[in-house]
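The values are calculated or read from the model by the stated rules, or taken from the named source; none is laboratory data. As the structure is a prediction and not an experimental result, all values here were calculated from the model. Note: ideal-geometry Cβ built from the backbone for every residue, glycine included; neighbour counts use all protein chains shown. Note: accessible area is taken over every heavy atom of the protein model, side chains too, but ligands, DNA and RNA are not part of it. Shrake-Rupley method; radii C 1.70, N 1.55, O 1.52, S 1.80 Å.
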Amino acid sequence: MFSYFLKRLLNLIPLLLGITIISFAVIHLAPGRPAYLKEMDPRISLEAQEQLIKLYDLDKPLFKQYLNWLKRVLRLDFGNSFVDGRKVIVRIRERLPVTLLINILSMVLIIVVALPIGVISALKPGGLFDKWTTFFVFLGFSLPGFWLALLLMLLLGIKLNWLPISGLKSFDYHQLSFWGKNLDIIKHLILPVSVTAFGGLAGFSRYVRGNMIGVLKQNYIRAAYAQGINKGRIVYKYALKNALLPLITILGLSIPGLIGGSVIFESIFAIPGMGRLLYNSAVARDYPMIMGGLVIGAVLTLLGNLLADLCYAWADPRIKCK
Amino acid sequence: MNKLTLFGISIIAVLILLAIFAPLISPYNPQAIDVDNILSPPSRTHILGTDSLGRDLFSRMVYGARVSLEVGLVAVGVSLIIGVLFGSLAGYWGGRVDSLIMRFVDIMLCFPTFFLLITMVAFLKATVFNIMLIIGLTSWMGLARLVRAEVLSIKERDFVRYAKAMGAGNFKIISRHILPHTLPPVLVAAILGMGGAILTESALSFLGLGVQPPTPSWGNILMEGKAVIDIGWWLTLFPGLAILLAVLGYNLLGEGLRR
Amino acid sequence: MSTLFPPRHILRGIFLIPFFFLFFSFLFSLYAQQNQGSKVTCYGDAIVVGSIGEPITLIPILAADSASQEIVGLVFNGLVKYDKDINLVGDLAEGWKISDDGLEITFYLRKGVKWQDGVLFTAKDVLFTYQKLIDPATKTPYSGDFKKIEDFKIIDDYTVKITYSEPFAPALASWGMPIMPAHLLKREEDFKKFSRQPIGTGPYRFVRWETGSQIILEAYDDYWEGRPYIDRYSYRIIPDQSTLFLELRNRGLDYIGLTPLQYQRQTNNDFFKQNFRKYKYPSFGYTYIGWNLNNPKFKDKRVRQAMNYAIDKEEIIKGVLLGLGKVCTGPFVHNSWAYNPEVKPPRYNPQKAEELLAAAGWNRKNKAGFLVKDGQQFEFTLLTNQGNEARRKCAEIIQQRLKEVGIKVNIKIVEWGCLLDIIDKRRFDAVLLGWGLSRDPDCYDIFHSSKTRPKEFNFVSYKNEKVDKLLEQGRRVFSRERRKKIYHEIHRLIYNDQPYTFLYVPDALPIIDARFRGIEPSINGIGYNFIKWWVAKEEQRYKLQE
């Protein structure tokens, strides 16, 4: 097991190198130049602009820039953002918690809601419950997420005025009591979390349903029935356990989305998360920032996948380590 | 065939009809600007109202159906070509080729999708066709994995071995004997992909990176509508519903075919 | 009021009479209250300002984006500033003297001004700011104006003498640059902290910056002009224009800039009339199409003049700005003294355009209805940047109008970074962009023929020797009257040459919660007397303690 793990870990190195080379080349070769201002300002002199380019190393050949970058990254230094000169790591650290919070909450919400839906509709495929949930699931698949976000914002935030529509805290947040603060944040989170969860809800419940139906047809389940074991026990103890195994992979695969955040939702709800940060960096051609974001994202994704595989191997004795 | 599948098919059929007969159906030129008639609500003269430049929403929606249909076809076409090519190569040859291709797929999957999209948009001009191309270029990875898995299982089957024994070339084996057998799952994935492509186009347009004006697409109508959501509800409601229905159509059809 | 008495209510009106009494007495009480209130200004309350963009840095000499400048403007002072009539007046400088040859400016600094940490402001701070501005290691984009300084002398703690290598009229205005505290920025590392935690001499003290959400400032008690009335200033960042507006509607924001649609349509109901006040004044900027003059098509002046006739600016103002703007005729806006009122925009006239085009050789049309010359169709790409709704709409209208005279326009919308790259490489036919202007009319960098290198701003490659000379002159002369003549002539010449098709000057459209008082619109906008805004005690919304 350990040597398998080590081998997989070593395999990640060329993969990571490949990712950095490709992304470095792509973003530097993409047309456009670093531009942190959104309009032209005639007061900015040519000398000043050229000086910036020198300060940022942009006059050197690309491979040299890459090597310099790589050298720094090996020392865990992702450099400074072009836009405000602050450390890339610091800027990511500011944004990551919010994105993680929203995505983990929505993941939990997905599991809590989708799991029972999937299981119950799998018990009687083609039954009334299954039919309705199938329909809703397809509706969920087909909804443009941002459209739903706008509609919910309009309904719950504006027309009914139940929920705040933007940001994470109220203006008077700092004057609230401990519980008041928590309640305030929860209120702000309801819309973004449910909208984020909505897309995944459909897919996941479908997935559980499919797996469950498959498992329920297996011989060992039939055998269990034949032995007269209580149905609830069969479903929730034996079948569900096996049907949930692939869940691990799904969780592993969803890591890029988890830390990447969503530009669209974050803009609509004015949430300072990773999605907006990376998007703005890409638009401003803030090379160190984009590279930092991508590399950290890639590392976490690859580690996530590896971890998922390991968990899978550990949980499912059928899979033999190569 | 069940009711839902039928529903899906009829949506797609309507979509195709709208797209083909767009010039006949739409009562106005979808690009005719009328600054005296900005944001008028649905009425007898403009059944779905007008947008913020006074253009007829119904006509724009009808022409938008063209874009949506094309986006689905072209984007999925592109991702099919790449996905099937890479998938079958990896699955059939295995070994180095397989691991090289699959590592590439892994790398592509590591990037956040929107990042791929916006760098591609920067590389290519944002014409309607290029947007479709870009969506295709960033969505073939799942198909490649699917095809590879199918090929892996099929190539061990007896009839493939028989063909090999008869001295058929690799290309012939893949194209004649293996790929046809991967068709059903690939077709389902492709149809589901068309729905996905429409959603991606609308998200891109929502960020202002999608289909360029004055070509109407449901996505960029929706983007415009967002700015006036409190007084121009029709500009948000109708294109959103259209996207919902079209994607639903593809999904139901795909699901129907799966069974 | 007129909506209170539509004819169909007349019959029912009788029953409403008692209510009218109540209503009017209510109105009267409001009026009385307002009158009473306006006598006694009160301290307290907070203003929540909404913005699409987030400041990049709060180091004044680096702050180049409008969001950063907004905050910097509240935390810092320059030596001079523009008053409500757009005249330069002293800020941290009490006064100044300009030598007759225009080479020396002596500033007499205000005494007793304290930095927000209690230390006295002196000439050393001015020198320090100057040194940082010209230091090659500083990433400031604004070094240009200050590099013309030959000598900087501190006469005493409150007097500095600045000598320029040549007379430079915009020099005085350039000292609107906010002054930084020398004692707090001794080492390089200090700047890092300072960029997110600035300390200035201004009316507001920096409190907190919650990245991506808001910046909070607090009234500075010892401000030399007197403490501002509004206790707290919160700058909320909401990157989506529609959310920004909806948040205003929910009364979560007090102050935003409206789009023309929001101004004309979305805020015209009773709710907004009751709770908010809208303002409207011409902004200091204009939108234009810049023609690449190296392109053989646009090299011909007649073609450019034809464009001016074929593009209906009134229609654009109506369609894009819903009437909230003025036709632009040249590089100066109507509120500027440099604006030449004798330059009159021509009426939309497609026939005249076609004549001019025919004179330039574009006299035949192909089957598609587009003009042809030497077998080539008249087709060009109009480039603009993504994320600007007004420019997109503008491009669409122009596309339609030019089609009518037989010109095919392809619109290309790219992200900002791409656009700059394309412009640097001169790979464009025409760009639809805007200039934000400073109050001084000097536009040497935009129209002088020496400013055509990549990344410089005469990217259309305009060259007119007369204009060049006048631009040079305009910088050397200090007298407003003489400069006025020079810039009026520049205005006329540039209009005649049409290197740009000048489109419009949009109005600035701020909306502010009705509880704020003391707002006095002027040609310099409303922000100039922000520290005098106040809210009556009974209307204050936020009680703050922290």
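What to note about this one:
- The label point for residue B:81 and the one for residue A:307, both projected 7 Å from the Cα toward the Cβ, are 4.0 nm apart.
- List of region A:93-131 residues, accessible area with partners at least 20 Å² below that of the chain alone (1.4 Å probe): A:94, A:95
- Sequence-distant residues sharing a close amide H with residue C:78 (under 5 Å, placed H): C:92, C:179
- Between A:74, A:14, A:51, the Cα set farthest toward the positive side of the dipole of region A:2-74 (charges on each charged residue's Cβ, about the Cα centre) is that of A:14.
- Stretchable slack from residue A:63 to residue A:136, in nm (0.36 nm times residue separation minus alpha-carbon distance): 21.1 nm
- Distant-in-sequence amide H partners of residue A:80 (H built 1.01 Å from N, under 5 Å): A:88
- The calculated FRET efficiency for residue C:183 paired with residue C:250, based on their beta-carbon distance and R0 = 56 Å, is about 0.80.
- Relative contact order for region A:95-315: 28 percent, from Cα pairs under 8 Å spaced at least 6 residues apart, divided by residue count.
- Ordering of A:212-222, C:41-51, A:102-112 by packing is C:41-51, A:102-112, A:212-222, highest average first (other Cβ atoms within 10 Å, averaged per residue).
- Heavy-atom accessible area per residue - region B:175-259, 1.4 Å, Å²: 29 Å²
- Protein heavy-atom accessible area occluded, A/B pair - total, 1.4 Å probe, Å²: 3300 Å²
- In this Cβ point-charge picture (+1 for Lys and Arg, -1 for Asp and Glu), chain B has a dipole of about 1080 debye about its Cα centre.
- Dipole magnitude of the protein assembly as shown about its Cα centre (Cβ charges: Lys, Arg +1; Asp, Glu -1), debye to nearest 20: 3360 debye
- Considering only alpha-carbon pairs that sit under 8 angstrom and 6 or more positions apart, the relative contact order computed for chain C is 19 percent.
- Residue B:226 sits among other residues whose Cβ lies under 11 Å from its own Cβ, and their net charge, with Lys and Arg +1 and Asp and Glu -1, is -4.
- Within the shell of other residues whose beta carbon sits under 11 angstrom from the beta carbon of residue A:122, the net charge comes to +3, with Lys and Arg scored +1 and Asp and Glu -1.
- Taking amide H atoms as placed 1.01 Å from N in the peptide plane, the amide H of residue C:533 lies under 5 Å from those of C:229, each 5 or more residues away in sequence or on another chain.
- Sorting A:174, A:188 on solvent-accessible area from highest to lowest, probe radius 1.4 Å, gives A:174, A:188.
- Peptide C:422-434, shielding by other chains (average Cβ, 10 Å cutoff): 1
- Computing FRET efficiency as 1/(1 + (r/R0)^6) for residue C:465 and residue B:100, where r is the C-beta to C-beta distance and R0 is 51 Å, gives about 0.20.
- DSSP bridge orientation in the protein assembly as shown - percent antiparallel, rounded to nearest 5: 80 percent
- Distance violations [Cα-Cα > 24 Å] among C:352/C:373; C:301/C:373; C:81/C:148; C:365/C:425: C:365/C:425
- Adding -39500 (n - 2.57) for every DSSP H run of four residues or longer, then dividing by how many residues the protein assembly as shown holds, sets the calculated 222 nm ellipticity at -16500 deg cm²/dmol.
- If R0 equals 56 Å, the separation of the Cβ atoms of residue A:46 and residue A:218 corresponds to a calculated FRET efficiency of about 0.15.
- Ordering of C:215-226, B:247-258 by packing [mean C-beta count within 10 Å, highest first]: B:247-258, C:215-226
- The stretch between residue C:358 and residue C:455, if pulled fully straight at 0.36 nm per residue, gains 31.4 nm over its current Cα-Cα span.
- Taking a point 7 Å out from the Cα of residue C:111 in the direction of its Cβ, the residues of region C:155-193 whose backbone N falls within less than 20 Å of it are C:155-161.
- ³J(HN,Hα) computed for each position of region C:161-173 - Karplus, 6.51 cos²θ - 1.76 cosθ + 1.60, integer Hz, glycine/proline x: 10, 10, 10, 9, 6, 8, x, 9, 4, x, 4, 4, 5
- Each Cα pair under 8 Å and six or more residues apart adds its sequence gap; the mean of these over the residue count of region C:35-185 is a relative contact order of 25 percent.
- Share of carbon and sulfur in the accessible heavy-atom surface of the protein assembly as shown [1.4 Å probe, %]: 61 percent
- With the whole protein complex present, residue C:279 retains an accessible surface near 40 Å², based on a 1.4 Å probe.
- Overall, the anisotropy analysis places chain C in the oblate class: the square-rooted eigenvalues a ≥ b ≥ c of its C-alpha gyration tensor yield a/c not less than 1.5, with a/b not exceeding b/c.
- Remark: the residue C:207-residue C:351 segment gains 45.7 nm on full extension, using 0.36 nm per residue and subtracting the alpha carbon distance.
- Here the peptides C:423-429, A:152-158 are ranked by packing, the mean other Cβ count within 10 Å, and the order with the highest first is A:152-158, C:423-429.
- Here the label points at residue A:90 and residue B:168, each 7 Å from Cα along the C-beta direction, are separated by 6.5 nm in the simple model.
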